[in-house]
Amino acid sequence: MKAEYLYKQPKTLLNKGTGFLSGYSHSLNPYTGCSFGCSYCYVRQMPVSTFRGLEWGSWVDIKQGAAEIFRKELRKAKVKGPVTIFMSSSTDPYQPIEYKERITRSLLEVIVEEPPDFLFVQTRSPLVARDIDLLLRLGDQVRVSMTVETDLERIRKHFSPSAPPIGARLKTLQALADAGVPTQATIAPMLPSSEALPALLRKCVDRVCVDDYFMGDGSGGKRTRSLGISTLYKQLGLEEWYDPSAYRIVYERLKTVFEEDQIYVSQQGFEP
């Protein structure tokens, strides 16, 4: 799907951390919209998407002048107390347009100059490796969380055909870890996977989070149900994976190669 790109002048960049992200003082979204357009994305059901009237994944707003606005907001926020930032809650900060526009990198440059107490970077894109130089300057005040919702490419293509291949994400996790950037693998939303997934992740990380629609979409799974995601599971004959207890399958598999204190479930895996 080809996305339509529009340049916008944002009035604000930092948003108060609420709900699932209540452990953070703020969330930060370099873009509005996301060209990865994953079928299960809970943002499809949020006002930012529904008011647009266009298919999720078909449009992206580029926030011009984001760095200077963010710099002013960050300074004000730091005066008021500890600042912990989740980037990003409703878009991927390293979606394809970032190659050209470098909005996320410009925000990272500000963060390096004016470090918050903690920065959590959530992505599924190998492009994050481009910014290893900046991420390293944040030391243990940053964590990069790479989404690896399955190890099976046919499953990835079925649910999120426009997202980066799994193999590329694993290579990126390894590159980040080798460089010394704090990382974790995030199996979220958990999709059908093979018994090989835990061992693949263990080669790259020593911290993993597993989450599903029922714990992680902010509505107990209601948002996801309204998207009709269950149909995608039926098409594959894998309905048993679309169940509130299915995460235990992956959790038990993870325990064979990770220590229990290296495995996080849902919200606790995203906390600062």
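The values are calculated or read from the model by the stated rules, or taken from the named source; none is laboratory data. All values reported here derive from a predicted model rather than from experimental measurement. Virtual Cβ from ideal backbone geometry, glycine too; neighbours counted across all protein chains shown.
Quick grid of which residues meet (1) touching a residue at least 24 places away in the same chain (Cβ under 8 Å); (2) out of contact with any strand residue (DSSP E or B) (no Cβ under 7 Å at 6 or more places or on another chain):
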site: Lys80; (1), (2): no, yes
site: Phe120; (1), (2): yes, no
site: Pro126; (1), (2): yes, yes
site: Ala129; (1), (2): yes, yes
site: Val144; (1), (2): yes, no
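Looking only at residues of the range 1-26 that are surrounded by fewer than 21 Cβ atoms within 10 Å (Cβ to Cβ), of a type in the set (S, T, N, Q) and touching a Ser or Thr at 6+ places or on another chain (Cβ under 9 Å), we find that the one that is nearest to Tyr94 (Cα to Cα) is Asn15. Suppose the filter is over 21 Å from Ser39 (Cα atoms), buried (at least 19 other Cβ atoms within 10 Å of the Cβ), in contact with a Leu (Cβ under 8 Å, 6 or more places away or on another chain) and modelled with pLDDT of 95 or more; does Val142 pass it? In short, yes.
Only a single criterion out of (1) over 15 Å from Thr150 (Cβ atoms); (2) charged (D, E, K, R); (3) surrounded by 21 or more Cβ atoms within 10 Å (Cβ to Cβ) is not satisfied by Arg223, namely (3). Scanning the range 134-185 for residues that are among the small types (Gly, Ala, Ser), farther than 22 Å from Asp211 by Cβ and assigned to a loop (DSSP other than H, G, I, E, B) turns up just one, Gly180.
Got at least one residue in the range 39-59 being part of a strand (DSSP E or B) and not basic (Lys, Arg)? Checked the range 39-59: at least one residue is part of a strand (DSSP E or B) and not basic (Lys, Arg).
A quick yes/no check of all residues on (1) farther than 16 Å from Val148 by Cβ; (2) out of contact with any strand residue (DSSP E or B) (no Cβ under 9 Å at 6 or more places or on another chain); (3) aromatic (Phe, Trp, Tyr); (4) in a helix (DSSP H, G or I):
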{"residue": "Cys209", "(1), (2), (3), (4)": "no, no, no, no"}
{"residue": "Glu240", "(1), (2), (3), (4)": "yes, yes, no, yes"}
{"residue": "Arg248", "(1), (2), (3), (4)": "yes, yes, no, yes"}
{"residue": "Arg253", "(1), (2), (3), (4)": "no, yes, no, yes"}
{"residue": "Phe258", "(1), (2), (3), (4)": "no, no, yes, no"}
